[in-house]
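The values are calculated or read from the model by the stated rules, or taken from the named source; none is laboratory data. Here the structure is a predicted model, which means the values were calculated and not measured. For neighbour counting, all protein chains shown are included, and Cβ atoms are generated from backbone atoms with ideal geometry for every residue, glycine included.
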Amino acid sequence: MVDLHCDETDHPLSRHIEQLAYETQRPGLQGRVAASHLTSMHSMDNYYVSKLLPLIAEADISVIPNPLINIMLPGRTLPRCIRWTTITSRSCCR
């Protein structure tokens, strides 16, 4: 069994889970791989995700969503005042 913490970023062009799906099928590891977190999927456009989900299913990858403890990760590269998961003073964005 392989458990990979995958796409733990908020970048919409991250393609790690796609690569994992291909690399799972190549040696025949379907059903023995889990992808944890997949944080970037919230930033991906709907069209790409609509193509990605069947690929994940075909590779029989188990998906373990991002735990609540990591709720601060999205937007970590943005200024603190505009992160998606924090509310702070607007003065830092001026």
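Below are the figures for this structure:
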| quantity | calculated |
| --- | --- |
| Verdict on Ala34 being among the hydrophobic types (A, V, I, L, M, F, W, C), under 11 Å from Leu4 (Cα atoms) and surrounded by fewer than 17 Cβ atoms within 10 Å (Cβ to Cβ) | yes |
| Residue tally, condition in a helix (DSSP H, G or I) and at pLDDT below 95, over the range 21-37 | 0 |
